[in-house]
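First up is the structure itself, then whatever we jot down about it.
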Amino acid sequence: MTASPAGADTGVLFRASDGTLIPANADHVVDSNSATTVGAFGVRVRTIEHLMAAAAALGIDNVVVDIEGPEVPAADGSAKPFLDLLRSGGRVSLPAPRREIVVSEPIRVGTESRWLEVLPCDSLRISYTLDNSHPVIGLQVGTYGITEDVFSQELAPARTYGFLRDVPAMRRNGLARGGSLENAVVVGKRAVLNDSLRYPDEFVRHKILDLVGDLFLLGRPLRGHVVGRNAGHALNYQLVAAIQKAVAADRRRATARVIRPAAAAPRAATGEGFLPGVAAL
């Protein structure tokens with residue numbers, strides 16, 4: 001995988017080995033089951049969320065990512081290798097304004113047990129509850145204001161995790177073929193099989209990391225407080241789609257104009273006059 005500079009308003013753009021260009025935005029999400037996959041013209045790039053989270057945290061809006069395989073490399077299962085990679089390339093400002101999405105009304109998706117909600121806030125903040133019956137995980141709660149420093153220190157090193165019992169079925173379906181203790185936290189029946197966790201609550205931190213990456217499918221920075229419980233990539237994508245729908249509705253309302261007569265005018269000889277309150281869209 002190689003990351004290269006891109007011009008203003010390019011966004012995050014994947015370029016597959018055959019030259020197919022795939023924008024990393026909500027309109028090109030083709031699968032959100034266990035990971036986020038984007039695609040175009042029959043070509044797919046899977047597991048983009050960790051790279052997207054690193055780009056979002058660093059404020060990198062425009063980059064072309066050349067990729068040879070069907071998915072972004074797993075690296076160590078966290079966003080830190082991608083954060084280090086992008087930082088090593090350096091950053092420059094481009095001659096185009098950054099247009100934030102500002103949440104003005106609550107937006108909620110999901111069910112009573114698994115849900116996400118975004119509330120008005122003056123910055124991006126994420127509060128997340130992970131409630132899992134497995135004794136290694138249990139109840140974990142995390143809340144973070146998402147800045148570059150906070151993401152780098154508190155979230156980027158948190159690794160993806162999976163259960164040992166699920167590995168055979170995943171490999172039968174072509175998933176997790178390169179999965180190992182080197183690129184994921186593997187949870188056995190009663191303990192983590194890795195040497196140790198990087199944080200006592202590494203599981204919920206990784207959930208927040210994934211959410212930061214999936215929110216960047218909006219293509220613009222988000223200003224709002226995202227609160228969630230037991231969500232995953234599918235719900236993350238549902239929230240992104242709901243935010244996009246709300247933004248589109250706001251745009252339509254903003255462009256609506258009401259034409260009102262300035263004052264009563266005498267009728268012309270033909271008898272023509274005004275129709276008050278005509279709405280022009």
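The values are calculated or read from the model by the stated rules, or taken from the named source; none is laboratory data. Owing to the predicted nature of the structure, the values given are computational and were not obtained by experimental measurement. Because the Cβ atoms are built from the backbone with ideal geometry, glycine has one as well, and the counts that use them run over all protein chains shown. All accessible areas refer to the heavy atoms of the entire protein, side chains included, with ligands and DNA or RNA removed. Shrake-Rupley method; radii C 1.70, N 1.55, O 1.52, S 1.80 Å.
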Excluding residues fewer than 8 positions from residue 80 in its own chain, the lysines with Cα under 25 Å of it are 207
Cα-Cα separations in the stretch 1-78 greater than 14 Å, expressed as whole percent: 58
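Given 0.36 nm per residue, what is the gain on full extension from residue 198 to residue 104 after removing their alpha carbon distance, in nm?
Computed gain between residue 198 and residue 104 is 30.2 nm.
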A chain fully extended from residue 165 to residue 87 at 0.36 nm per residue, minus the present Cα-Cα distance, gains in nm 24.4 nm
Along the stretch 124-136, what does the Karplus equation 6.51 cos²θ - 1.76 cosθ + 1.60 (θ = phi - 60°) give for ³J(HN,Hα), rounded to whole Hz, x for Gly and Pro? 7, 9, 10, 10, 9, 10, 10, 10, 10, 6, 5, x, 6
Please report Rg (one decimal) and Dmax (integer) in Å for the Cα set of the stretch 36-130. 16.3, 45
For the stretch 86-91, take each phi angle, set θ = phi - 60°, evaluate the Karplus expression 6.51 cos²θ - 1.76 cosθ + 1.60, and give the result in whole Hz per residue in order, putting x for glycine and proline. 5, 5, 5, x, x, 10
Here the stretch 207-213 yields Karplus 3J(HN,Hα) values (6.51, -1.76, 1.60; θ = phi - 60°; whole Hz; Gly and Pro given as x) of 4, 5, 4, 4, 5, 4, x
Tell me which GluC sites (Glu not before Pro) from the stretch 1-93 have a DSSP coil assignment and no more than 13 other beta carbons within 10 Å of their own. 68
Ignoring everything except DSSP H segments at least 4 long, calculate the 222 nm mean residue ellipticity for the chain; use -39,500 (n - 2.57) per segment, divide by total residues, nearest 500. -7000 deg cm²/dmol
Given the protein chains as shown and a 1.4 Å probe, how many square angstrom of residue 207 are accessible, to the nearest 10? 50
Principal axis extents for the stretch 92-173, Cα atoms only, whole Å, descending order, please. 50, 35, 27
Return the carbon/sulfur percentage of the accessible area of the stretch 88-143, one whole number, probe 1.4 Å, all protein chains in place. 50
Charge dipole (debye, nearest 20) of the chain; +1 at Cβ of Lys and Arg, -1 at Cβ of Asp and Glu: 660
Taking 25 Å as R0, compute the FRET efficiency from the Cβ-Cβ separation of residue 21 and residue 114 and round it to 0.05. 0.15
May I ask you to give the solvent-accessible area per residue for the chain, in square angstrom, as obtained with a 1.4 angstrom probe? 54
Stretched fully, the stretch from residue 41 through residue 189 gains (0.36 nm per residue minus C-alpha distance, one decimal, in nm) 49.1 nm
Intensity falloff of the chain expressed as log10 I(q)/I(0), Debye formula with alpha-carbon point scatterers, at q = 0.11 Å⁻¹: -0.66
